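See below for the structure under consideration.
Read-outs: derived from the displayed coordinates by stated rules, not from any lab. Note that this is a predicted model, so its numbers are computed, not measured. Positions of Cβ are backbone-derived with ideal geometry, glycine not excepted, and every protein chain shown enters the neighbour counts.
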Amino acid sequence: MSAQGEPSEVAAYVYSLGAAAKQAARTLARAPASARNTALLAMADAIESSSDVLRRENAKDLETGRENGLAAALLDRLELTPERIQGMADGVREVAALADPIGEIADMRQQPSGLTVGKMRVPLGVIGIIYESRPNVTVDAAVLCLKAGNATILRGGSEAIHSNLAIAKLIEQGLQAAGLPAACVQVINTPDRAAVSALLQMDEFVDVVIPRGGKGLIQRVSEDARVPVLYHLDGVCHVYVDDHADLQMAEDVAFNSKTYRYGICGSMETLLVHVQIAAEFLPKIAARFTEHGVEMRACARAMPLMAGSVLAVEEDWATEYLGPVVSVRVVDDIDAAMEHIELHGSHHTDAIITQDLARSQRFLREVDSASVMVNAATCFADGNQYGLGAEIGISTGKLHARGPVGVVGLTSQKFIVMGDGAIRG
């Protein structure tokens with residue numbers, strides 16, 4: 001509301017999107033899976049055939065980003081290469097091929113009263129998604145929400161406005177091909193920050209908001225939202241190399257965890273190494289990091305073993321670098337490693353490298369993260385790699401959905417009760 005008590009132009013615009021999305025969600029709830037899949041396949045074809053258009057619009061965003069001093073990792077997230085565009089189209093087709101979760105009935109049980117009680121999977125309704133930098137999120141969010149029977153309102157970052165609006169037109173083409181309302185997927189067309197505030201306040205229309213971005217965005221959403229929030233927080237991910245590890249495996253996994261792609265939330269930010277193998281392991285991994293241009297910030301025990309490293313400061317242990325920087329700490333044992341993860345991690349993804357079954361099982365049980373891995377690189381923390389198709393984000397909270405959120409994570413369940421004139425005495 002403005003100071004005069006009248007809705008601002010931006011708030012009124014977002015309100016109109018919310019009202020339209022609520023109506024579209026009702027249409028989607030009764031639409032057959034075939035209609036949703038037709039829309040998805042038409043979107044994939046539109047994306048594939050519009051690669052040149054998408055790259056042209058994306059180039060405008062990249063140019064603006066460079067002029068504004070956008071960090072290299074964020075520019076990488078922003079860029080739409082031909083391979084990434086093809087990957088988006090392929091991802092849409094993969095989602096279309098997934099089993100339809102809507103209407104699935106489970107756990108039907110006969111009760112002493114004579115009632116049969118079970119659960120049916122249903123859409124959440126209207127989902128608002130707020131995200132930064134990566135225009136492929138526009139596609140992922142739209143198709144996953146649509147597959148799960150939800151209407152969605154998307155608000156991407158201002159740095160990707162041209163890319164997102166171009167993608168929005170292709171999504172609308174897909175919806176039209178299936179005879180579904182355009183309001184099933186709406187992209188907010190203004191970079192005005194007031195649009196975010198309006199979206200967060202529309203609890204009469206929006207059933208859940210999913211933010212994807214930095215701590216500033218998450219904090220703002222936490223403070224302002226009247227709508228339930230499914231959090232996608234930062235990824236301060238760890239790899240712990242145990243003294244019972246295969247050291248060549250550990251070297252390969254740690255290196256891949258850091259360097260596969262710096263800008264993803266599953267990239268390793270902190271390497272923890274057992275004191276008993278530090279002298280053998282750290283010089284080798286340091287040489288590989290140095291060759292690859294990775295800056296190493298090491299604790300006092302690790303630094304003498306890692307040529308070219310600098311001394312870490314306390315802030316390093318809780319920093320998501322999203323770039324060619326890694327922090328390294330030598331720890332006394334698995335307990336110290338897990339304590340470090342609990343104190344400094346973000347409950348996203350953490351891995352142990354060990355050949356000791358008992359220790360791997362302890363790590364799996366006791367590390368409180370959305371994904372916990374044994375002898376695998378943290379960069380596998382991805383909905384597609386988990387067999388979910390594309391993902392909307394990685395939830396680091398514990399309610400409703402946790403870890404990569406795919407189609408099933410964007411649904412809920414309701415109880416269904418079958419009787420034959422049952423009354424309660």
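What fraction of the Cα pairs in the range 237-380, stated in percent, has a spacing above 28 angstrom?
When all Cα pairs of the range 237-380 are counted, 6 percent exceed 28 Å.
How big is the chain along each principal axis, measuring the range of its Cα positions in Å and listing the largest first?
70, 65, 47
What are the ³J(HN,Hα) values, in whole Hz, obtained from phi via the Karplus relation 6.51 cos²θ - 1.76 cosθ + 1.60 with θ = phi - 60°, for each residue of the range 104-113 in sequence order, with x given for Gly and Pro?
Coupling constants for the range 104-113: 4, 10, 9, 6, 6, 9, 7, 9, x, 6 Hz.
If amide H atoms are built 1.01 Å from N in the plane of the peptide, which residues on other chains or at least 5 residues away come under 5 Å of the amide H of Met373?
Asp350, Ala351, Ile352
Taking a virtual spin label 7 Å from the Cα of Asp52 along the C-beta vector, which residues in the range 77-109 bring their backbone nitrogen under 16 Å of it?
82
With the crude spin-label approximation of a point 7 Å out along Cα→Cβ, what separation in nm comes out for Tyr260 versus Ala194?
It works out to 4.3 nm between the two label points.
Specify the residue with the greatest mean-square fluctuation among Ile171, Ile334, Ile130, computed from a Gaussian network of the chain linking alpha-carbon atoms under 10 Å apart.
With Cα springs under 10 Å in the chain, the top fluctuation among Ile171, Ile334, Ile130 is at Ile334.
Please give the helix 334-344 orientation as an angle from the longest Cα principal axis of the chain, in degrees from 0 to 90, rounded to the nearest 10.
Long axis of 334-344 versus the principal axis of the chain: about 50 degrees.
Each residue of the range 280-294 in order: what ³J(HN,Hα) in whole Hz does its phi give by Karplus 6.51 cos²θ - 1.76 cosθ + 1.60, θ = phi - 60°, with x for Gly and Pro?
7, 7, 5, x, 6, 5, 4, 4, 5, 4, 4, 4, 8, x, 8
With no solvent and one point per C-alpha, what does the Debye sum give as log10 I(q)/I(0) for the range 50-154 at q = 0.13, 0.16 Å⁻¹?
So the normalised log intensities are -0.64, -0.83.
Can you give the % of DSSP beta bridges in the chain that are antiparallel, to the nearest 5?
Within the chain, antiparallel bridges account for around 25 percent of the total.
For Gln355 and Leu247, calculate 0.36 nm times their separation in residues minus their Cα-Cα distance, and state this gained length in nm to one decimal.
Result for the pair: 37.9 nm of gain on full extension.
Sorted by average packing, counted as other Cβ atoms within 10 angstrom per residue and highest first, what order do 242-249, 358-365 take?
242-249, 358-365
Kindly provide the helix-only [θ] at 222 nm of the chain, computed as the sum of -39,500 (n - 2.57) over DSSP H runs of four or more divided by all residues, to the nearest 500 deg cm²/dmol?
Rounded to the nearest 500, the figure is -13500 deg cm²/dmol.
If one takes the longest principal axis of the Cα atoms in the chain, at what angle in degrees, from 0 to 90 and to the nearest 10, does the Cα axis of helix 33-49 lie?
Value to nearest ten degrees: 60.
Just subtract the alpha-carbon distance of Asp420 and Ala318 from 0.36 nm times their residue separation and send over the number in nm, one decimal.
So the chain would gain 30.9 nm between Asp420 and Ala318.
Taking the Cβ of Ile392 as the centre, find all other residues whose Cβ is under 15 Å away and add up their charges (Lys, Arg: +1; Asp, Glu: -1).
Combined, the nearby Lys, Arg, Asp and Glu give -1.
Among 93-102, 268-277, 140-149, what's the highest-first ranking by average C-beta atoms within 10 angstrom per residue?
140-149, 268-277, 93-102
Pull up all non-local amide H partners of Val236: gap of 5 or more, or a different chain, and H-to-H distance under 5 Å with H placed in the peptide plane.
Result for Val236 returns Ser346, His348.
Of all DSSP beta bridges located in the range 237-380, what percent are antiparallel, nearest 5?
Close to 0 percent.
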